[in-house]
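This report concerns only the one structure given below.
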Amino acid sequence: MKKLLKYTFIIALIVGGYFTYTTYPKLDIVSGFAAKSVASHYFIAGREKLQTEAEDNIEPTMGMASTMLLEGENAAKSDAFGMKKRWAVNREGVGVVLIPSDKKRENVSNAKPNRDLTPINLPYPMGNLPEKDTVFKNVDYPLLQSKVTKVFTDTEANEQKTRSVIVIYKDHIVNEQYTYGFNKNSMMLGWSMAKSITSAVLGALEKEGKVTLNQTNLFKEWEGDDRKNITLANLVNTNSGLEWEEDYTKICDVTEMLFLDEDMTKSQLIKPLIGTPNESWNYSSGTSNLLSGFIRNQFNSQQEYLDYWYSSVIDKIGMHTMIIETDFSDNYIGSSYAWATTRDWAKFGLLYLHNGNWNGEQILNPSWIDFTRKPTNGSDGVYGGHFWMNAGGKYPDVPRDMYSLNGFQGQRVYIIPSKDLVVVRTGVKGESNFNVNEFLSGIISTIDY
């Protein structure tokens, strides 16, 4: 009996040690993700907790977290195995903030952007009025309907989990579909599509002459070392040579930034140079938030910074549903947390389709759009200025000039200039579940060019 107790105790120590080494450090991130996701989906998108947990919080480790939604307190609280409690708090105008473990939710600021939500009195998509009922003779509408419906079709062998698709041809909706429970007013989290919003805000600053792509000495913290030679273009191309690990399956730079850091603009700022600028492409959410910090540094006050993202681009093109969430330090999380309806995501694609022009106003320089679409050195033609490319022919039956906003779980805005098309797809499954080449080439095939 004593031997049995001894061996049981030893096994318990081993199991406990293994848990402590492999799992316990993750619990802060697990409970943080759960609290943030439940709160954002509820307060921004109006989705119930059970739906979010069943459809959006699908990573295996998320099952370790128990989340309580506190509607009256504008908050959600999560913990994993009764440990590592995390709070996420909703605030007017900037969505939900995840409270750092060492901070109190009472210390959350009330800063929010001033916005101009005056409706643009033109039909959608150029304005906020109902779209015109336009029929193109060269579009096979029944065939287009079937091609789009196919990406909503789930089977036991393959769940595509598409939530919405909109197809805009020559500035008119030619197809728009939603899965059950979603519609044109549903808010969709773009995940890394936010990176392209960050790029556009930099483009607006460039048009105003406040920044240039070839400028160096971007941060005072880099003055004493070789990082001072990194250009703004290097950062926008995520080709700076700065150290960064982007792996959502473990504790690393990106997961620590999104779920632990108080000021996400500093996460990449402190990293050393381990490669050669313009020769070291490395996809990095830390760089996107570093650029958010760079944008902030162009203004005399935090309020000007908060306002500018909307006044320069977002509200100017009538993306009035968009909300970009901030970190605990009131910086826009330009890597990951932008919300908008499917229709408003399409507007952003149209801004680029029209070379930065919106209703006759040049919001971004055409040269900025050209830079955005130019493949980054070392990316094999798949990445440009915070946009993804088809220049290398990744999708063989899709025009090489296609470029896109890409986000986790298959959030996409596809821009195809040669076909005068913008296509938006949102969902909770990525490209391993739906065939992008077949999807886009199928849509193109329904239009007689």
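The values are calculated or read from the model by the stated rules, or taken from the named source; none is laboratory data. As the structure is a computational prediction, the values presented were derived from the model and not from experiment. Here Cβ is always computed from backbone atoms with ideal geometry, including for glycine, and neighbour counts include all displayed protein chains.
A few points about this structure:
- Condition met for Y395 (surrounded by 15 or more Cβ atoms within 10 Å (Cβ to Cβ) and assigned to a loop (DSSP other than H, G, I, E, B)): yes
- Test result for I166, within 19 Å of the chain's Cα centre (by Cα), of a type in the set (A, V, I, L, M) and not assigned by TED's automatic domain parsing to the domain that holds S441: yes
- Listed here are the strands (runs of 3 or more DSSP E) enclosed by segment 139-249 that have at least 2 residues being touching a residue at least 24 places away in the same chain (Cβ under 8 Å) and exposed (fewer than 14 other Cβ atoms within 10 Å of the Cβ), and there are none.
- Residue that is modelled with the lowest pLDDT, among those in segment 413-437 that are out of contact with any helix residue (DSSP H, G or I) (no Cβ under 8 Å at 6 or more places or on another chain) and not aliphatic (A, V, I, L, M): S432
- Every residue from segment 78-100 that is touching an Asp or Glu at 6+ places or on another chain (Cβ under 6 Å) and modelled with pLDDT under 95: K84, K85, P100
- Taking first residues from segment 363-387 that are outside the structural domain of M319 (by TED's automatic domain parsing) and farther than 13 Å from E206 by Cβ and partners that are part of a loop (DSSP other than H, G, I, E, B) and at pLDDT 95 or above, no Cβ contact under 8 Å between residues at least 6 apart in sequence or on separate chains turns up.
- From E256, E243, E262, residue being farther than 11 Å from L291 by Cα, touching a Lys or Arg at 6+ places or on another chain (Cβ under 6 Å) and not β-branched (V, I, T): E243
For (1) among the polar types (S, T, N, Q); (2) within 19 Å of the chain's Cα centre (by Cα); (3) closer than 24 Å to I44 by Cβ, each residue gets a yes or a no:
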| residue | (1), (2), (3) |
| --- | --- |
| K195 | no, yes, yes |
| T198 | yes, yes, yes |
| K207 | no, no, no |
| V211 | no, no, no |
| Q215 | yes, no, no |
| T231 | yes, no, no |
| L242 | no, no, no |
| T249 | yes, yes, no |
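- Single condition E246 does not satisfy, out of (1) in contact with a Cys (Cβ under 9 Å, 6 or more places away or on another chain); (2) modelled with pLDDT under 95: (2)
- Selected residue (only one of S336, S288 is under 16 Å from F387 (Cα atoms), surrounded by fewer than 24 Cβ atoms within 10 Å (Cβ to Cβ) and modelled with pLDDT of 95 or more): S336
- Segment 375-392, residues that are outside any loop (DSSP other than H, G, I, E, B) and more than 19 Å from K419 (Cβ to Cβ): Y383
- Condition met for G93 (in contact with a Pro (Cβ under 9 Å, 6 or more places away or on another chain), in contact (Cβ under 8 Å) with a residue 40 or more places away in the chain and closer than 30 Å to Q177 by Cα): yes
- Residue check for A88: touching a Leu at 6+ places or on another chain (Cβ under 8 Å), over 30 Å from Y310 (Cβ atoms) and among the small types (G, A, S): no
- Screening S292, S288, S336 for residues that are touching a residue at least 60 places away in the same chain (Cβ under 8 Å), part of a loop (DSSP other than H, G, I, E, B), closer than 23 Å to T238 by Cβ and within 14 Å of the chain's Cα centre (by Cα) leaves exactly one candidate, S336.
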